[in-house]
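A quick write-up on the structure given underneath.
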Amino acid sequence: MGRFAACPPTAVGPRDELSAMVRDLLDAMPSRAAVGVSVLARRTGLRPEEVLAMLGPLAVEGLVESVPDGYWLTPLGRAPSNARSRSRRG
């Protein structure tokens, strides 16, 4: 049983089904400010083309939004990963 036996399973969060690379990209984005593709590329170690290729689907899913100064996280994109929370408990 263990100390976490009483913890109910959590629902799947918006980041839970994403790859680690995409979650790292979201983690590299500031919470409430826009950032450009080149800055995100430097922060993640990815090429700008790779970052841009990931941002489109993230925008479609409502996790990021394109604004004149770059991209920023939406409230949904700022939601924590339940998978990460579960792995920290174990």
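Report the Stokes-Einstein translational diffusion coefficient (µm² s⁻¹, integer) for segment 20-89, Rh taken as the Kirkwood radius over Cα pairs, at 20 °C with viscosity 1.002 mPa s.
Translational diffusion coefficient: 175 µm²/s.
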What residues qualify as long-range amide H neighbours of Arg15, i.e. H under 5 Å apart, gap of 5 or more or another chain, H built at 1.01 Å from N?
-> Asn82
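Bear in mind that the values in this text are calculations on the coordinates, not laboratory data. All of these numbers come straight from a predicted model, not from anything done at the bench.
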